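Quick notes on the structure that follows.
The values are calculated or read from the model by the stated rules, or taken from the named source; none is laboratory data. Everything numeric here is computed off the predicted structure, so don't read it as measured data. In this analysis, Cβ positions are derived from the backbone assuming ideal geometry, glycine residues included, and neighbour counts consider all displayed protein chains. Just the protein is used for accessible areas: all its heavy atoms, side chains included, with ligands, DNA and RNA removed. Shrake-Rupley method; radii C 1.70, N 1.55, O 1.52, S 1.80 Å.
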Amino acid sequence: IKKQQQDVLGFLEANKIEFEEKDIAANEENRKWMRENVPEDSRPASGNPLPPRLFNDSRYLGDYEAFFEARENNAVYAFLGLTAPPGSKVGVYISHCKP
């Protein structure tokens, strides 16, 4: 999980995409928000969804696998729902656990 989180954060930072991290390990409210906002069809068969999960404001974008696939296909900005050029302010949220 940590490597995936670092991969997503590194990409966003390198491309100057503004984001807000939501630590779900230390904050029950963030954990509840993530669980409520991950669509039913994107949840694991058992247990709770694990980070990283990406959102644009409160719109669920996907998990790490979806992000990775979009990056491999040079479609990350479309995946993130961005129409502004890199460096513009956008509301992208990453749920994660800090060690």
Handout entry: So N15, is it open to solvent by less than 60 Å² (accessible area, probe 1.4 Å), over 13 Å from the mean Cα position of the chain (by Cα) and at pLDDT below 85
Key = yes
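Mind checking which residues of the stretch 33-43 are part of a loop (DSSP other than H, G, I, E, B) and surrounded by 10 or more Cβ atoms within 10 Å (Cβ to Cβ)?
Of everything in the stretch 33-43, those that are part of a loop (DSSP other than H, G, I, E, B) and surrounded by 10 or more Cβ atoms within 10 Å (Cβ to Cβ) turn out to be V38, R43.
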Within the stretch 54-80, the residues that are part of a helix (DSSP H, G or I) and of a type outside the set (F, W, Y) are E65, A66, E69, A70, R71, E72, V76, A78, L80
Checked P86, P51 against criteria (modelled with pLDDT under 90 and part of a loop (DSSP other than H, G, I, E, B)); the one match is P86
